[in-house]
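A short worksheet on the structure shown next.
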Amino acid sequence: MYLKQLFLGIVGLCAGGVIAAGIFAFIVTIGVVARLIGKTHTAKHTRLIEDFIVVGGTLGNVMNLYQISIPGGYPLLILFGLGAGVFVGCLIMSLAETLNALPVLSRRIRLATGIQYIILAIAAGKGIGAAVYFFRHFAG
């Protein structure tokens, strides 16, 4: 019994590590970090910015996993929300720039018409998924 629990724990930890590494690689690949460093002219602090991104992602996951509330109450919650909003805004703008790759993708897979439907389906799926998550989370 303990061997099964140990095995499942190791598999879960490895799977989580792979997913986290993939997300951080995605963030770096689309240029969020490089764009932030370029816009703020803080190239000498690149290592520190990358460390904060990793620590922030890790702490956010730990707080979500263990249902830890933000200590300090409402003022720190405002700062956390502001920081998260800025990061999400930068991420969205970087993703919007990658939409320039969609015409290349459509040419490579020889998609003559219908790219707007693919984008609409992706957006609708994301919206419906988020709505189901939030309604179930708040209702239950």
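The values are calculated or read from the model by the stated rules, or taken from the named source; none is laboratory data. These figures come from a predicted structure and were not determined experimentally. Please note: Cβ atoms are built from the backbone with ideal geometry, for glycine as well, and neighbour counts cover all protein chains shown. Ligands, DNA and RNA are excluded from the accessible area calculation, which covers all protein heavy atoms including side chains. Shrake-Rupley method; radii C 1.70, N 1.55, O 1.52, S 1.80 Å.
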Check your understanding: Got a sec? Which of Pro75, Pro71 is exposed (fewer than 12 other Cβ atoms within 10 Å of the Cβ), assigned to a helix (DSSP H, G or I) and more than 20 Å from the chain's Cα centre (by Cα)?
Key -> Pro75
Exercise for review: Could you identify the single residue in Leu48, Leu59 that is hydrophobic (A, V, I, L, M, F, W, C), in contact with a Ser or Thr (Cβ under 9 Å, 6 or more places away or on another chain) and part of a helix (DSSP H, G or I)?
Suggested key: Leu48
Exercise for review: Just give me the residues in the range 103-129 being assigned to a helix (DSSP H, G or I) and polar (S, T, N, Q), in sequence order.
Suggested key: Ser106, Gln116
Exercise for review: Starting from the range 61-78, take each residue that is free of Cβ contacts under 8 Å to residues at least 40 places away in the same chain and list its partners that are open to solvent by 90 Å² or more (accessible area, probe 1.4 Å) and of a type in the set (Phe, Trp, Tyr), counting only C-beta distances under 9 angstrom and pairs at least six apart or across chains.
Suggested key: Ile70/Phe80
Check your understanding: What are the residue pairs meeting all of these: first residue in the range 13-29, first residue within 18 Å of Leu59 (Cα to Cα), second residue of a type in the set (S, T, N, Q), Cβ atoms under 9 Å, and 6 or more apart or on different chains?
Key -> Gly16/Asn61; Ala20/Thr58; Ala20/Asn61; Ile27/Ser94
Exercise for review: Consider Leu111 carefully, then state whether it is surrounded by 10 or more Cβ atoms within 10 Å (Cβ to Cβ), among the aliphatic types (A, V, I, L, M) and modelled with pLDDT of 75 or more.
Suggested key: no
**Study point:** Whichever residue in the range 29-39 is assigned to a helix (DSSP H, G or I) and open to solvent by less than 80 Å² (accessible area, probe 1.4 Å) and, among such residues, is nearest to Leu91 (Cα to Cα)
**Key:** Val32
